[in-house]
Amino acid sequence: MRVSLSIYFVLFLAVAGSALDAPKGPAVVTFKGLITQKNKADTAVLDAAMLDRLKTYTVKTVTPWYTGAQKFEGPSLQDVLKLVGATGKTLKIVALNDYAIEVPLEDAALYSPILARRINGVALTPRDKGPLFLVYPYDSKPELSTEKFYARSAWQIAVIEVL
Amino acid sequence: MKNVLGLGILVLILSFGSVIWVEVRQLRAVQAYLPVGTDNVLWSYAQLNFEALKLNRVLLLALDASTIDTDTVSLRYNIFASRSQLLLQSPQLKRIWEDGGFAPVVERLEAFFPEVEAGSVNGEINWNREKVKHALSVLDPLLPDLARLLLASNIRSMADEDARNQKLVGIANESLFVGFLQLILAIAFATLLYRQLRVARAASQAKGQFLANMSHEIRTPLNGVLGPLDLALEETDNSKRSDLIRIAQRSARHLMALLTDILDLSKLESGQMTLEVAGFDLNVLVSDLELMFRQEALARGLVFLVVREEGFPARQLGDSLRLRQILANLLNNALKFTKNGSVTLTCSADPENLRFLVADTGVGMSPETVKTLFRRFGQADASVTRRYGGSGLGLEISRTLAQLMEGTIEVESLENRGSTFTVTIPRKLESTSEAPLQALLAPALEVVEVPVVPLPVATQTIGSRPLTVLAVDDVAINLLVVSSLLKLLGHRVLTASSGPIALEVMAKEGPAVDVVFMDLHMPEWSGLETTQKIRAQEKPGHRIPIVALTADVLTESREACVVAGMDDFLSKPIQKPALEQLFQRLKLASGAAADRKT
């Protein structure tokens, strides 16, 4: 019996991919909607430790919100979406202050934005633009330095709904 | 005309270039207006206000609640803090409050946070009733100022928007202006092209008309050649036969003159005509003309007068043959168009110009005819040409020649009263020490100055020793003509109907031949090819002169002849004087050089 249980467990893993752990610390961001990996009812709640395990990317770019180029660090949006198994077409990002913006899912692959957690090596807090700040590499393509993408660059991200 | 077209194309290219330049400038202007990183400024100020009000509300609620929800208050406080910080961080936001004189407000706003956080540990604020009250007391007076800041930012962004719109309208206007300019240029250019097209069409039509006339003009004298010759063949009476042949000869001469005219014209048109510059005797020129036309005037029953006014100089520097051609043409016309009365040539001069007046009492011309008289290919009335003969090219040639001499030809005419043509040529003097003086000094200076008298054209036969001539031509009749003429002058003639035969004859008779006459256009070997072959088999020191003989009278082929190894050039139809001159040039005439009168 034990053996067959283990087999079932292995099979389950194979079908569902790596199952999402339950968050141990306070929630940083909550995913809703069209996701395959869930850990709290119908949502995927990610805590700091889970984000820490993802590869960190660095984007150094000029933005309208700071003077001069700044260095942002954090996981790529693509990796985070993969982690929660996002399958939709649009991300509806809601910030702590209820700012909401819709971002096409394909942006993740097209422009490689990151969910920045640090600026110039210092952790982003709600006092600044933390805990998560969607940063595009604005300098890399001319079309990114436009109001359209500045509007998509939500900060103080709390909830991401996949539509 | 060509230049105008070229200029038009240049202007068009320049205009298109300038359009590109303007557009590049506009693109830069637009880019300058879209600096990297423009976010919606108004939105940021609105958010700041919302967050201030939200925090205010949360604090008021906490004041009334039994237990304070610390998490909610902290969140609102943090978000408000982040919004306030943005005013210092973002250059765009900074610009607005700095320019608007809101620095004291921002100072108070930024001072709010340290004041609230005073006494907290690790940035963790202990939100008790006292703290909430304190925060409210600082925040409350800030609220109206933040609202004013929002209004100011709204006005500022509207002003910015206005400026941008105005800039865009300016750019659009510039584009419109350039587009309009292009339209005008395009229309102007199209008009120019259309006009050129019309000119070209008219020219082509005129050429067609001219060719039709020429065809007629060539046919008429040809009839005059062929008809009498046919009759002469049938005629048994010797004196009548001579008359017929003379008529044919006159027609042939006319045809020849016509072709010379056409050739002159084409030379003038292509700019190949160059004038000689040599001193000559004006009196000789005028006397020659008098001699030339007196006989004809007499035959027509006209009075021919030549008047030399006082001060008419004896000498002039220039091309005497071409000046003679102009005057002869005018006199010829005057005689032709005058039934009775007189033709007068008046020669006068002022310090600058020579003036020749050719006046007649003939049919005269209408003002319309005078207008088109000199026009290129512009035969005023085709029937005139037919009635009076001539190529109708004489005046055109004369005027162009006069222009080459920097002179003019003017005409005044009254219908049925007669015409007066005035030729004005600038006086040009030989350099002072020249002519007579130098002739005296000539032996000492060893300068052989050929005193320039129009060549007493060698109409008199100059004695030549009997020569042996090889004539090469593929057309039998041409061989017949040239051998008859040469035999008439007492020379021996060998003939060859092709290049290979000529080479054979040269191999056999080589040393006996004095000169070769070579047709240029032949099947098998061309004249040039044959010449090269003859030159190749010649023994050194036995170079026999080869003379090109052709109807192809263009300058280019002349050069090709020299390159191929030919010595001289004779144009068909061959005439006796030209032949004699040729022999003189080749030093084949016996003692001719010594006898030559100077």
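Any read-out appearing in this document is the output of simple, stated calculations on the displayed coordinates, not a laboratory observation. For clarity, every value in this text was computed on a predicted model and none was experimentally measured. Glycine also receives a Cβ, built like all others from the backbone with ideal geometry; neighbour counts cover every protein chain displayed.
Which one, A:G68, A:A95, A:L81, is farthest towards the positive end of the dipole of segment A:63-104 when Lys and Arg carry +1 and Asp and Glu -1 on their Cβ?
A:L81
Angle check, please: helix B:435-445 long axis (alpha carbons) against the longest principal axis of chain B (alpha carbons), in degrees 0 to 90, nearest 10.
80 degrees
Output the 0 to 90 degree angle, nearest 10, between the alpha-carbon long axis of helix B:576-585 and the longest principal axis computed from the alpha carbons of chain B.
Helix B:576-585 sits at roughly 80 degrees to that axis.
Where nothing but the Cβ of Lys and Arg (+1) and of Asp and Glu (-1) is charged, how large is the charge dipole of the protein assembly as shown around its Cα centre, in debye to the nearest 20? Show your work: numbers first, answer last.
On the way: 80 positive and 82 negative charges, 218 e Å.
Dipole size: approximately 1040 debye.
Could you let me know the centre-to-centre spacing of segment B:94-131 and segment A:83-135, using Cα atoms, in angstrom?
Cα centroid to Cα centroid, the span is 27 Å.
With an 8 Å cut-off on Cα pairs and a minimum separation of 6 or more residues, tell me the relative contact order of chain B in percent.
Numbers: 696 pairs, mean separation 48.3, N = 598.
That works out to 8 percent.
Which residue, B:A186, B:A536, B:Q85, has the largest displacement toward the positive end of the dipole of chain B when charges sit on each Cβ (Lys, Arg +1; Asp, Glu -1)?
B:A536
Cα axis of helix A:2-16 to longest principal axis of chain A: angle in degrees, 0 to 90, nearest 10?
Around 30 degrees separate the two axes.
Set the bar at 19 Å for Cα to Cα. Now go through A:K40/B:K54; A:K55/A:K148; A:K55/A:K82; B:K267/B:K587; B:K336/B:K572 and name every pair that lies beyond it. Provide the component values of the computation, followed by the final result.
Details: A:K40/B:K54 30 Å; A:K55/A:K148 27 Å; A:K55/A:K82 12 Å; B:K267/B:K587 30 Å; B:K336/B:K572 28 Å.
The answer is A:K40/B:K54; A:K55/A:K148; B:K267/B:K587; B:K336/B:K572.
What would the Debye equation give as log₁₀ I(q)/I(0) for chain B at q = 0.08, 0.09, 0.10, 0.12 Å⁻¹, counting only Cα atoms as equal point scatterers?
Here the Debye-derived log intensity ratios amount to -0.80, -0.96, -1.10, -1.29.
Percent of alpha carbon pairs in segment B:471-564 separated by more than 15 Å?
Roughly 58 percent, rounded to a whole number.
Subtract the Cα-Cα distance of B:V563 and B:R308 from 0.36 nm times their separation in residues, and report this length gain in nm to one decimal.
Numbers: separation 255, 0.36 × 255 = 91.80 nm, distance 4.84 nm.
Roughly 87.0 nm would be gained on extension.
How large is the dipole of segment A:20-162 about the Cα centre if only Lys and Arg carry +1 and Asp and Glu carry -1, each at its Cβ, rounded to the nearest 20 debye?
Details: 18 positive and 15 negative charges, 51 e Å.
It works out to roughly 240 debye.
Check which residues have an amide H placed less than 5 Å from A:V28's amide H, if you skip close sequence neighbours.
Amide H neighbours of A:V28, under 5 Å, 5+ apart: A:L46, A:D47, A:A48.
From zero up to wherever the largest Cα-Cα distance of segment A:20-162 sits, split into 5 Å bins and tell me the percent of pairs in each.
Percent of pairs per bin, in order: 2, 10, 21, 26, 22, 12, 5, 2, 0.
Which shape class, rounded, prolate or oblate, goes with the protein assembly as shown when its Cα gyration tensor gives a ≥ b ≥ c as root eigenvalues, a/c under 1.5 marks rounded, and past that a/b bigger than b/c marks prolate?
Working: a/c = 4.55, a/b = 3.05, b/c = 1.49.
Prolate.
Using each residue's phi in segment B:298-303, evaluate 6.51 cos²θ - 1.76 cosθ + 1.60 at θ = phi - 60° and report the 3J(HN,Hα) Karplus result to the nearest Hz, with x for Gly and Pro.
4, 4, 8, x, 10, 8
Rounded to a whole number, what is D in µm²/s for segment B:56-202 from Stokes-Einstein with the Kirkwood radius over alpha-carbon pairs (10 °C, 1.306 mPa s)?
Working: Rh = 20.4 Å.
Value of D from the Cα-based Kirkwood radius: 78 µm²/s.
Report the FRET efficiency, 1/(1 + (r/R0)^6), for A:K141 and A:D42, where r is their Cβ-Cβ distance and R0 is 41 Å, rounded to 0.05. Could you put the intermediate results ahead of the total?
Values: r = 36 Å, r/R0 = 0.87.
It comes to 0.70.
Each label point is 7 Å from the Cα along the Cα-to-Cβ direction; what then is the distance between the points at B:K371 and B:I184, in nm?
If labels sit at B:K371 and B:I184, their model points lie 3.3 nm apart.
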